[in-house]
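Asks: Submitted below is the structure of interest, expressed as structure tokens.
The values are calculated or read from the model by the stated rules, or taken from the named source; none is laboratory data. These numbers come from a predicted model, not from an experiment. Here the Cβ positions follow ideal geometry from the backbone for every residue, glycine too, while neighbour counts run over all protein chains shown.
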Amino acid sequence: MTFLPVRVRPLSDEAALCVNDAGRFFAGSHGFVDRLLDEALTPMDRQFLAREGHALEADDPLGLAAHLHGVAERLSRAGPLDYLILVPTLRCNLSCSYCQVSRAGLAAPGFDWSEETLAAVLACLDALSTDRIKIEFQGGEPTLRPDLLRAVIARCERFAERQFVVCTNLQQIDDEILALFDRPDLFISTSLDGDATTHGRNRTGGPVRTDRFLANLRTVVDRYGPGKVSALPTIDATAPPDIDTLIEAYAAHGLDSIFLRPINFQGFARKRHKDAREQDLAWRAYYERFVRAIIARNWRDRGRVLEETYLSIALRRIFQPGRDRHVDLRNPNPMGLDYIVVDHDGMVYPTDEARMLARSGIIDLSIGDVRRGWDSEARDQLNAHATNQFDPACQRCAYQPYCGRDLVDDIARYGRIDMPRLETEFCRRHLHLFDFVFALIYSDDPAVIYSLSRWLRLPGTPASLGARLQ
Ligand code: SF4
């Protein structure tokens, strides 16, 4: 019998987490780890390891194939281009202190797509080989140009599967915008930072504007139901809002998914929120309290399941590889292949963060433009480093099968991509996140297992979610 190598990470005072290359894991007691190191495994140990997919018999080609399939499943495969983030205008009717794209003023000329850029975007859509398309309209405030949104949407009629997301501040909605929103294949994404005071703090225009936003949010939720509307809070980690107030602000609008993000270190935020470069232990503690508050709420009111979006993504990366498509957390994380960003001037970026970096004047990470294409040397250079596979720290890390790579984040924070991995905010954030997720997985609290089971979309609630070896 051959034992597959495991990477080990402390889990608790009694046990260590053991993970193999396929992402299969168990909690091994310290006694087991000693027996493993001393090559003194008992027959019970061997039985357990074989049953849990950590050992292979010499004459078991099917078992070997299953293991190799499990390893391969952990690697993302970028398909054809079918996801476009489009920025028809950089102008905006608000000016938020944490704006990541340094938006242009409402009346500023030269920040909308030109006729030529629109024509090139439409030609790009015509040339796609896929039969499904997802388009996210970003800005600026994209609803300032409903004509451009309509032109793009009309050109997508040929795709069998279509999904449009309008990322809007919901400051201004009129009949023309509502006619667009009425499409069943269109979804609305907005920002909601908490109660009215918190929401208004980082926005211009004071309480009147915030009241209007909240009324518009109520209008679209009432008109379409919460399934069509999603919202994100952006949190000032130095002064985070009261957790229960934030959760209830979402619950009151029927919004069940809360993506708890600190201010992104981009755009205006680089100047006005300098602390956003690194998150500290206080933020991580806030994040844990927030998730535990959601778990407690889900247990109290079992008719409703709320979730923290990124934690659910991490959880599904552990248990359900390949099930979801998340470009935020994947490995390898190739750029400019299955999704691109087309800016207001037609420049093509690999990610929205790359667009923000260029806009902040930090570094130009454009990989081409929508007229001439983006199969460029710049894209190839980025993609030569788009994996965590060969990083010495990641190779030793128990979380490598679940984790990802974000070159643009490293460039944004440190101006380089060769920082020792363990010294990056990306790594610290994910070490903390996966430590926390596994602490939840091995919790004996039925309330915790109940929430995890819902977030995994399991039909029932198992007694436990992780195997243990004494
Ligand atoms: S980035 Fe950090 S957490 Fe992620 S696999 Fe690498 S070492 Fe582990």
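Asks: Among residues belonging to segment 408-422 that are more than 11 Å from the ligand (Cβ to nearest atom) and in a helix (DSSP H, G or I), point out the one that is surrounded by the fewest Cβ atoms within 10 Å (Cβ to Cβ).
Replies: Ranking the candidates gives 414 first.
Asks: Could you please tell me which pairs satisfy a Cβ distance under 7 Å, a separation of 6+ or placement on different chains, a first residue in segment 420-432 that is within 17 Å of residue 385 (Cβ to Cβ), and a second residue that is more than 8 Å from the ligand (Cβ to nearest atom) and not basic (Lys, Arg)?
Replies: Going by the 7 Å Cβ cut-off, the qualifying pairs are 424/410; 426/406; 426/409; 426/410.
Asks: Quick one: is residue 208 modelled with pLDDT of 95 or more and of a type in the set (Val, Ile, Thr)?
Replies: The answer is no for residue 208.
Asks: Additional query: If only one of 371, 428, 405, 379 is more than 16 Å from the ligand (Cβ to nearest atom) and either assigned to a helix (DSSP H, G or I) or closer than 30 Å to residue 15 by Cβ (or both), which one is it?
Replies: Of 371, 428, 405, 379, the one residue that is more than 16 Å from the ligand (Cβ to nearest atom) and either assigned to a helix (DSSP H, G or I) or closer than 30 Å to residue 15 by Cβ (or both) is 379.
Asks: Tell me the helices (runs of 4 or more DSSP H) entirely within segment 23-123 that contain at least 3 residues that are without any contact (Cβ under 8 Å) to a residue 60 or more places away in the chain, aliphatic (A, V, I, L, M) and surrounded by fewer than 14 Cβ atoms within 10 Å (Cβ to Cβ).
Replies: Because the criterion is at least 3 residues that are without any contact (Cβ under 8 Å) to a residue 60 or more places away in the chain, aliphatic (A, V, I, L, M) and surrounded by fewer than 14 Cβ atoms within 10 Å (Cβ to Cβ), the helices (runs of 4 or more DSSP H) in segment 23-123 that meet it are 61-73.
Asks: Scanning segment 400-449 for residues that are of a type in the set (Ser, Thr, Tyr) and over 22 Å from residue 381 (Cα atoms), which turns out nearest to the chain's Cα centre (by Cα)?
Replies: 402
Asks: Scan segment 140-161 and tell me whether some residue there is crowded, with 18+ Cβ neighbours inside 10 Å, within 27 Å of the chain's Cα centre (by Cα) and part of a strand (DSSP E or B).
Replies: There is no residue in segment 140-161 that is crowded, with 18+ Cβ neighbours inside 10 Å, within 27 Å of the chain's Cα centre (by Cα) and part of a strand (DSSP E or B).
Asks: State which residue is nearest to the ligand (Cβ to nearest atom) when the search covers only segment 382-402 and only residues that are aromatic (Phe, Trp, Tyr) and buried (at least 17 other Cβ atoms within 10 Å of the Cβ).
Replies: Among residues in segment 382-402 that are aromatic (Phe, Trp, Tyr) and buried (at least 17 other Cβ atoms within 10 Å of the Cβ), the one nearest to the ligand (Cβ to nearest atom) is 399.
Asks: With the requirement that a residue be at pLDDT 95 or above, of a type outside the set (A, V, I, L, M, F, W, C) and touching a Ser or Thr at 6+ places or on another chain (Cβ under 8 Å), what does segment 142-169 give you?
Replies: 142, 143, 145, 168
Asks: Before we move on, is residue 297 under 30 Å from residue 226 (Cα atoms) and surrounded by fewer than 16 Cβ atoms within 10 Å (Cβ to Cβ)?
Replies: no
Asks: Could you please give the count of residues in segment 423-470 that are under 20 Å from residue 7 (Cβ atoms) and polar (S, T, N, Q)?
Replies: So the count comes out to 1.
Asks: Please specify each residue of segment 343-352 satisfying the condition of being farther than 16 Å from residue 376 by Cβ and surrounded by fewer than 23 Cβ atoms within 10 Å (Cβ to Cβ).
Replies: The answer is 345, 352.
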